[in-house]
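K.L.:
Take this structure, written in structure tokens, and hold onto it; I'll ask about it next.
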Amino acid sequence: MAKEKTLEDLFHDTLRDIYYAERKILKALPKMQRAAQSQELKAAFEKHREQTEGHVERLQQVFEIIGKAPRGKTCDAIEGIVAEGEEIMDEFKDTPALDAGLISAAQAVEHYEITRYGTLRRWASELGLADAARLLEATLKEEARTDEDLTKLAETSANQRARKAA
Ligand code: FE
Ligand code: FE
């Protein structure tokens, strides 16, 4: 008979998924920073790259709390989201719509992270892992804040620039 799988297993599996995703994002952000046209967007990507290093560290702490080695598990979702971002960089290169497109790609990443951290935080609480829940909550807040900051950048400059060109 197959081994019973529990919420602990789901938690560990999903932790490995987001650990893989965060490290993928860490590699993608410098490319997005280089591609960005406006200084504000470059700065936003740099700020979030630094935060992302902290997200990786927090995840390592969560692995330690549950007594597991920090190991990622291929996350097809982030692979697809990052690939779409690269497509935008490619197809909108040197156009006034590039920054608006980069923001949309970055927001897809943040939303993916928000769903994962939201679930993980809830599971951590339910599993009685209060310290892990606090770590996951701290990252969740930074992802949500980043998403809001990107919306502001889109609304105050990037979308307008993209539209004007028409
Ligand atoms: Fe993150
Ligand atoms: Fe993020």
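The values are calculated or read from the model by the stated rules, or taken from the named source; none is laboratory data. Everything quoted here is computed from the prediction, not taken from an experiment. With ideal geometry, Cβ positions are generated from the backbone for all residues, glycine too; neighbour counts draw on all protein chains shown. Accessible surface is based on the protein model in full, side chains and every heavy atom, while ligands, DNA and RNA are left aside. Shrake-Rupley method; radii C 1.70, N 1.55, O 1.52, S 1.80 Å.
K.L.:
Of Y112, G72, P30, which is farthest along the charge dipole of the chain in the positive direction, counting Lys and Arg as +1 and Asp and Glu as -1 at C-beta?
P.N.:
Checking the options against the dipole of the chain, the answer is P30.
K.L.:
Roughly how many debye, to the nearest 20, is the charge dipole of the range 22-100 about its Cα centre, given +1 on each Lys and Arg Cβ, -1 on each Asp and Glu Cβ, and no other charges?
P.N.:
The calculation lands at about 440 debye.
K.L.:
Against the longest alpha carbon principal axis of the chain, how many degrees, from 0 to 90 and to the nearest 10, is the axis of helix 76-91 turned?
P.N.:
10
K.L.:
Return a whole-number percent for the relative contact order of the range 3-138, with Cα pairs under 8 Å and 6 or more residues apart as the contact set.
P.N.:
Values: 125 pairs, mean separation 41.6, N = 136.
It comes to 31 percent, rounded to a whole number.
K.L.:
Would you work out the charge dipole size for the chain about its Cα centre, treating the Cβ of every Lys and Arg as +1 and the Cβ of every Asp and Glu as -1, and quote it to the nearest 20 debye?
P.N.:
Computed charge dipole of the chain: roughly 180 debye.
K.L.:
Now for a separate question. For the pair K164/E40, report the inter-label distance in nm, with labels modelled 7 Å from Cα in the Cβ direction.
P.N.:
1.2
K.L.:
Measure nothing but the geometry: give the 0 to 90° angle between the long axis through the Cα atoms of 130-153 and the longest principal axis through the Cα atoms of the chain, rounded to 10°.
P.N.:
Once rounded, one gets 10 degrees.
K.L.:
Please calculate how many Å² of accessible area the chain carries per residue, with a 1.4 Å probe and no DNA, RNA or ligand atoms counted.
P.N.:
Accessible surface, normalised per residue, equals 55 Å².
K.L.:
Still on this model: How many angstrom lie between the C-alpha centres of the range 69-123 and the range 37-56?
P.N.:
Answer, in whole Å: 14.
K.L.:
Provide the FRET efficiency to the nearest 0.05 for the Q107-V56 pair, computing r from the beta carbons and using R0 = 22 Å.
P.N.:
The value I calculate is 0.60.
K.L.:
Still on this model: Which one of V56, L127, A158 has its Cα pushed farthest toward the positive end of the charge dipole of the range 7-164, where Lys and Arg give +1 and Asp and Glu give -1 at the Cβ?
P.N.:
Of the listed residues, the answer is A158.
K.L.:
By per-residue mean of other Cβ atoms within 10 Å, what is the highest-first order of 144-156, 117-129?
P.N.:
For the peptides 144-156, 117-129, the packing ranking is 117-129, 144-156.
K.L.:
While we're on this one: Run the accessible area of the chain with a 1.4 Å probe and give the carbon-and-sulfur part as a rounded percent.
P.N.:
The computed percentage sits at 50.
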